[in-house]
Amino acid sequence: MSRPLLLLVLVAGLVAAFWRWQPASDSPATGAAAASSDTGYVASNALLIDTGDDGLARYRLRADSISQAHPGGDIQLDQPRLDYEGSTRWQLSAREGTLPEDASQVHLAGGVEARAERAREPALRIRAELLDIDLLARRAVTPGPVSIELGSSRLEAVGLTADMKADALRLESRVHGEYTR
């Protein structure tokens with residue numbers, strides 16, 4: 001092969017390689033190229049710790065897996081567990097959850113359980129199918145049925161607001177219960 005022909009083949013190869021490795025956003029994206037340029041992420045055994053101005057943890061959010069289908073979209077949580085520390089320790093869990101990108105609230109769904117524990121007191125257990133939590137205000141709300149257990153006492157209601165900062169519960173309607181000492 002002559003030297004000019006070899007040089008031409010080499011330049012053509014470099015141009016082809018350069019064109020092939022161009023980012024998908026520089027050319028009209030179709031098919032798989034479009035999907036790859038707008039993908040999110042998946043992570044296993046994830047832990048999110050939100051800290052205050054003092055550097056102390058405000059809450060911890062764990063999940064078996066988290067995923068975001070595309071940038072700016074909601075974050076899906078598999079087996080989320082949320083912990084608040086304080087004079088009362090709150091632990092919340094569910095089969096799945098959704099977290100907006102700004103992480104201001106979390107929506108828990110499927111077998112939701114909230115547990116509040118204080119030293120030398122029986123644990124309070126709340127069960128529901130749905131629970132929306134304002135993460136910074138430490139407020140949980142559900143419009144649906146709830147079941148509450150404290151020791152051997154039980155309450156059933158429809159609708160609940162839990163203020164986890166003030167350790168206060170508000171039951172909205174159809175409250176039925178049994179108190180045992």
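The values are calculated or read from the model by the stated rules, or taken from the named source; none is laboratory data. Because the structure is predicted, anything quoted here is derived from the model rather than measured. We place every Cβ from the backbone using ideal geometry, glycine too, and count neighbours over all the protein chains shown.
Does segment 120-130 contain any residue that is of a type outside the set (A, V, I, L, M, F, W, C), closer than 14 Å to Trp90 by Cα, at pLDDT below 95 and more than 15 Å from the chain's Cα centre (by Cα)? There is at least one residue in segment 120-130 that is of a type outside the set (A, V, I, L, M, F, W, C), closer than 14 Å to Trp90 by Cα, at pLDDT below 95 and more than 15 Å from the chain's Cα centre (by Cα). Among the conditions (1) closer than 17 Å to Ala140 by Cβ; (2) at pLDDT 95 or above, the only one that Thr88 does not satisfy is (2). Suppose the filter is over 20 Å from Asp163 (Cβ atoms) and at pLDDT 90 or above; does Asp74 pass it? Yes: the conditions hold for Asp74. Scan segment 87-99 and tell me whether some residue there is small (Gly, Ala, Ser), touching a Lys or Arg at 6+ places or on another chain (Cβ under 6 Å) and surrounded by 16 or more Cβ atoms within 10 Å (Cβ to Cβ). Yes - at least one qualifying residue is present in segment 87-99.
Checking each residue in segment 95-114 for being under 10 Å from the mean Cα position of the chain (by Cα), at negative phi and hydrophobic (A, V, I, L, M, F, W, C) picks out Leu99, Val106, Leu108.
Please verify whether Thr180 is of a type in the set (Ser, Thr, Tyr) and under 28 Å from Gln79 (Cβ atoms), treating the condition exactly as stated.
no
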